[in-house]
Amino acid sequence: MATQAVARRESSAPIKHLWPAHPDERTARQAGLYRRRVRHDIQHQLGTLILLSSLLETSLKNSQDVGEESRVRATQLRAELTWLRQLVEIFEDEHDL
């Protein structure tokens, strides 16, 4: 059985530039992209830390890996991380990030 090569048809529509022509607009877009990436990373790490502290806080009472005092500290840690997450959200809202 013979195989036939299929020609790929390229679009004749003009390609629009991904970046605005003016350097100030380009810089503003790059800065916005950077802020969104940093915001995402901060929120992700805060969520991970909150989850880990919650796991320590709710570990089994007879578990040997975490004592009662450590559970109390994990509760305090989770409260502080939750407050920090709220603070980041307030900052984002005020600065339209």
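The values are calculated or read from the model by the stated rules, or taken from the named source; none is laboratory data. Since the structure is predicted, the reported quantities are computational estimates derived from the model, not experimental observations. Here the Cβ is made from the backbone with ideal geometry for all residues, glycine too, and neighbour counts use every protein chain on show.
Things to note:
- Residues (hydrophobic (A, V, I, L, M, F, W, C) and either surrounded by 14 or more Cβ atoms within 10 Å (Cβ to Cβ) or within 20 Å of the chain's Cα centre (by Cα) (or both)) located in the stretch 63-78: Val66, Ala74, Leu77
- When residues of the stretch 1-58 are limited to those that are closer than 30 Å to Arg78 by Cα and hydroxyl-bearing (Ser, Thr, Tyr), the one modelled with the highest pLDDT: Thr48
- First in the stretch 26-50 and farther than 11 Å from Leu81 by Cβ, second anywhere and of a type in the set (Lys, Arg), Cβ under 8 Å, 6 or more apart: Gln43/Arg85
- For the stretch 27-47, the criterion of being under 26 Å from His95 (Cβ atoms) and among the hydroxyl-bearing types (Ser, Thr, Tyr) is met by at least one residue.
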